[in-house]
1. Would you confirm, using the coordinates I've provided, whether Arg381 is part of a loop (DSSP other than H, G, I, E, B) and farther than 30 Å from Phe246 by Cβ?
2. Just one of (1) within 22 Å of Leu347 (Cβ to Cβ); (2) within 19 Å of the chain's Cα centre (by Cα); (3) surrounded by fewer than 21 Cβ atoms within 10 Å (Cβ to Cβ) trips up Phe242, so point out which.
3. Name, by its number, the condition in (1) within 16 Å of ligand 2 (Cβ to nearest atom); (2) not assigned by the TED database to the domain that holds Asn201 that does not hold for Met428.
4. Return a yes/no flag: does region 329-343 have any residue that is buried (at least 16 other Cβ atoms within 10 Å of the Cβ), under 30 Å from Phe77 (Cβ atoms) and either in contact (Cβ under 8 Å) with a residue 12 or more places away in the chain or not assigned by the TED database to the domain that holds Met168 (or both).
5. Taking Tyr274 as meeting all but one of (1) surrounded by fewer than 19 Cβ atoms within 10 Å (Cβ to Cβ); (2) out of contact with any Lys or Arg (no Cβ under 9 Å at 6 or more places or on another chain); (3) under 18 Å from Lys344 (Cα atoms), write down the number of the exception.
6. When residues of region 314-330 are filtered for being away from ligand 1 (no atom under 16 Å from the Cβ) and within 20 Å of Phe369 (Cβ to Cβ), how many remain?
7. Any chance you could count how many residues in region 151-171 are surrounded by fewer than 24 Cβ atoms within 10 Å (Cβ to Cβ) and either within 11 Å of ligand 1 (Cβ to nearest atom) or farther than 27 Å from Arg101 by Cβ (or both)?
Amino acid sequence: MSVPPHAATLARNRVEKSMTAFPEVSKIQYEGPQSDNPLAFRWYNPDEVVAGKTMKDHLRFTVTYWHTFRGTGSDPFGGGTMQRPWDDGSESVENACNRARAAFEFFEKLDAPFYAFHDRDVAPEGGSLSETNANLDAVAKVLKEEQERTGVKLLWGTANMFSNPRFMHGAATTCNVEVFAYAAAQVKKALEVTKELGGENYVFWGGREGYQCLYNTDMKRELDHLGQFFHMAVDYAKEIGFTGQFLIEPKPKEPTKHQYDSDAAACLNFLRSYDLTDHFKLNIETNHATLAGHEMMHELEYAGMQGALGSIDANTGDLLLGWDTDQFATNYYLTTQTMLVLLKYGLAPGGVNFDAKVRRESFEPIDLFYAHIGSMDAFARGLKVAAKIMEDGALQNLVDNRYSSWDGDLGKKIEAGNMSFAELEKLMLEKGDAASNGSGRQELLENIVNRYVDNA
Ligand code: XUL
Ligand code: CO
């Protein structure tokens, strides 16, 4: 990294370090399910062992910088509402450094082991790419100091290639070759910073990689460019020795009407087509799954069964709203379903990343704690419920039973690829009809899940 040009600023920030952003909050402790302390965990007990591992290691909770420290509460109908006393609202490097220190105070008090950021969340853009890079270096230095001081680690870094108007037609899929070059430079730098900070993953969410109108779009050319872009990222990671996991985050729409990485299946098809499956896994986000018309459990299972489940962006949408509301998940059924799949396939080096924002009406700093504590508890509870269901084989026994006809000779031969249509026809002509079906037992299974949610 180059030497930061803001030495005086950094010196002043070191003095300000003694100030506290959340004076009314001390470190959040586990108090157990009976606690009515809103600033305590009722279920998340980091050192408690569940299914052979501590909760902390299973869940790898991550705070997102963009929502929690850059979210203003603005929406298309009104401006920001958030009270953030540590932030002077300016786009200065000094303010970015103060904000970084407030962020680490939050991570530490929340007992969150990880955080994640976009390059532009943590440091302001300058007048040129080199100024922008120098700003990022200056703030990354503070981030590194704070990581060392607190032990909080970077789950992943990423590049924001969607906010600046230069990316209006896309980044890697733009029609403007120089914007493609700029995006390459930006990812190169973001990879260097992610490596410098020990990031365990690097995420690509294709913010504007899609289209608004097919009349003006050469889809094949855009997808070829995206494939090339990812290969360049893989090559550069190798060159600098970045060994973190690359992740693609599917989302079907918003901001574009169609995003190329629309769901897990589309991403995997893309990765296979461009010979990238060895280098990428998926970062599955709950609200993106529902925008794609899928349940979170579907997206997780689809990625997991193909060895491509990398990490999750944990949030939820609102059934009555059709957009990406990025709310904190508190529903035990959702967290149980999520944890059932995560326990099956494993998560590390990914994590449970709260890509979620407090509502614009929840504008006080303390609301950030309530939001994260509630969702951490919901995931911890979901983990316990899912672990118990799995330990007892409560769902698996019924699933195994449902498919038991495949365990006989006929099923084994078909699954091994040793039967033809003609042989199967001969068998059915002899038998006259297939054996009768068993019940699917959906209602019974739903009742069983309820019983575990009640008792775990
Ligand atoms: C947008 C979204 C992003 C990615 C990171 O919907 O989820 O915040 O997680 O770029
Ligand atoms: Co996300």
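1. Details: part of a loop (DSSP other than H, G, I, E, B): no; farther than 30 Å from Phe246 by Cβ: yes.
Criteria not met by Arg381.
2. Looking at each condition in turn, Phe242 falls short on (2).
3. So Met428 meets the others, but not (1).
4. We begin by selecting, within region 329-343, every residue buried (at least 16 other Cβ atoms within 10 Å of the Cβ); these are 329, 332, 334-343.
With the extra rule that they be under 30 Å from Phe77 (Cβ atoms), the set shrinks to 329, 334.
Next cut, either in contact (Cβ under 8 Å) with a residue 12 or more places away in the chain or not assigned by the TED database to the domain that holds Met168 (or both) only: 329, 334.
Yes; the residues of region 329-343 include at least one that is buried (at least 16 other Cβ atoms within 10 Å of the Cβ), under 30 Å from Phe77 (Cβ atoms) and either in contact (Cβ under 8 Å) with a residue 12 or more places away in the chain or not assigned by the TED database to the domain that holds Met168 (or both).
5. So the condition that Tyr274 fails would be (3).
6. Residues in region 314-330 being away from ligand 1 (no atom under 16 Å from the Cβ) and within 20 Å of Phe369 (Cβ to Cβ): 1 in total.
7. 8
Table: residues versus (1) of a type in the set (S, T, N, Q); (2) outside any loop (DSSP other than H, G, I, E, B); (3) within 16 Å of ligand 1 (Cβ to nearest atom).
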site	(1), (2), (3)
Asn37	yes, no, no
Pro46	no, no, no
His58	no, yes, no
Thr68	yes, yes, yes
Met82	no, no, no
Asp88	no, no, no
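The values are calculated or read from the model by the stated rules, or taken from the named source; none is laboratory data. Predicted, not measured: the structure shown is a model, and the values here were computed from it. Every residue, glycine as well, gets a Cβ built from its backbone with ideal geometry; the counts of neighbours run over all protein chains shown.
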